[in-house]
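The values are calculated or read from the model by the stated rules, or taken from the named source; none is laboratory data. In this text, all values refer to a predicted model and were calculated from it rather than measured experimentally. Virtual Cβ from ideal backbone geometry, glycine too; neighbours counted across all protein chains shown.
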Amino acid sequence: MKENFKIASVIIGTIVGAGLASGQEVLQFFSLYGKKGFIGIIICCIFYIFFLKIIIKLSIKNDLKSYKELTYFILGRKLGALIDFIISFFLFGGNVIMLSGGAALLNEYLNIPKTYAIFIMSLSSFIMAIYSTKGLVKLNSIIVPFSSAIILLIGASVLINNSPQYIYNQIYSSLPIKSNFILSSILYASFNTVSASGVLCPLVHEYKEKKHFISGCTIGSIVLTILVLIINLSIIVYAPKSYYFEIPNLYLSKVSGSLLPPFVSAAILLEMFSTEISDLYSIAKAFQFSFKISYINALIIIILFSVPFAFIGFSNLINILYPAFGAAGILFCAACMVKYDRNL
């Protein structure tokens, strides 16, 4: 059971990221669809369990060492090369986004100049990523419980400070601002599944106890769903005001008093750090097997290329990368399903 939760923590840590920890992803992909957003969250849970199981089984059966090998295996050389490029670009971009966002938080709350903050984030990530699989598992086993506890506290404060009737009325009367919640849910689930595959493939290859992966991913998907449901409920209860904040969870914590906000900020920073290391690990493993270089050298190359891009800015990078990756993610997941069906 302990190993199951270790795997679950890696999945949660990889998917949660700063966007979910801040509440912004939940707002954009679920809350703005009104009460239908809750159905969308359940769709995501089913999607995660179904496709992560397929990725694990394909990885074990065919001894796939990285997301690149998985992509080429399911899509063939030509289309696989295109999707591999998009995935690599997104994971690299995700690494840069977390580097930039983490540095921005250090600059805002500790008054550390952005240049030094980026250097601190880069060096810290490199040191932790050196420990490869063990480092990734250990880090997430610490960060995920902390972040989960903060989200639970936000949810608890919402329930304590509002009557059941008011909460029900807010949910029931919440009108959708966006349409097509099903497509939004599938896009969100697909690019998170691809992100998770970047960690899962090398992890499955290196981990001896492979029997824990499917149950670990199932636990991770369910816990993740509960956390997203709590965030979505909290945002809708305080709608429409909560819709206008860049970091909804920070607003929700401030409504509850002055105690929670510093912990929410810490959780967001830690999730940025965790996601950055997951992305570093995924790309470095792909580089290691593709270019026949050491894992450490791959890490150094990626970080050296990441630092200049970290100065572009957090929101600009998200707007450029996410739409293309969502579409590529749907194709990736569909190809996984077809390949799995043929390999039964």
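Quick rundown of the values:
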read-out	value
Segments classed as helices (runs of 4 or more DSSP H), wholly inside the stretch 234-321, with at least 1 members that are more than 30 Å from Ile167 (Cα to Cα), of a type in the set (Lys, Arg) and at pLDDT 85 or above	260-291
Among (1) more than 30 Å from Ser256 (Cα to Cα); (2) part of a helix (DSSP H, G or I) - the single one Val144 does not satisfy	(1)
Selection count where residues are β-branched (Val, Ile, Thr) and free of Cβ contacts under 8 Å to residues at least 24 places away in the same chain, scope the stretch 166-217	0
Selection from the stretch 251-267 of residues that are out of contact with any Gly (no Cβ under 8 Å at 6 or more places or on another chain) and buried (at least 22 other Cβ atoms within 10 Å of the Cβ)	Ser253, Val264, Ala267
Residue check for Ser197: hydroxyl-bearing (Ser, Thr, Tyr) and surrounded by fewer than 19 Cβ atoms within 10 Å (Cβ to Cβ)	no
Restricting the stretch 91-102 to residues that are hydrophobic (A, V, I, L, M, F, W, C) and modelled with pLDDT of 80 or more, the residue that is surrounded by the fewest Cβ atoms within 10 Å (Cβ to Cβ)	Phe92
Pick from the stretch 3-20, criterion at pLDDT below 75 and not aliphatic (A, V, I, L, M), ranking: farthest from Phe273 (Cα to Cα)	Gly19
Residue count for the stretch 73-118, restricted to those that are among the aliphatic types (A, V, I, L, M) and more than 21 Å from the chain's Cα centre (by Cα)	8
Residues of the stretch 120-141 satisfying the condition of being free of Cβ contacts under 8 Å to residues at least 60 places away in the same chain and in a helix (DSSP H, G or I)	Ile120, Leu123, Ile127, Lys134, Lys138
Residue, nearest to Lys36 (Cα to Cα), within the stretch 161-177, restricted to residues that are surrounded by fewer than 12 Cβ atoms within 10 Å (Cβ to Cβ) and small (Gly, Ala, Ser)	Ser173
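Okay, residues lined up against (1) touching a Ser or Thr at 6+ places or on another chain (Cβ under 7 Å); (2) at pLDDT below 90; (3) not in a helix (DSSP H, G or I):
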position	(1), (2), (3)
Ser185	no, no, no
Ala196	yes, yes, no
Lys210	no, yes, yes
Cys217	no, no, no
Leu227	yes, no, no
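Matching residues to (1) farther than 27 Å from Gly37 by Cβ; (2) within 20 Å of the chain's Cα centre (by Cα); (3) surrounded by fewer than 18 Cβ atoms within 10 Å (Cβ to Cβ); (4) not polar (S, T, N, Q):
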| site | (1), (2), (3), (4) |
| --- | --- |
| Ser184 | no, yes, no, no |
| Tyr188 | no, yes, no, yes |
| Ile222 | no, yes, yes, yes |
| Ile230 | no, yes, no, yes |
| Lys241 | no, no, yes, yes |
| Phe245 | no, no, no, yes |
| Asn249 | no, yes, no, no |
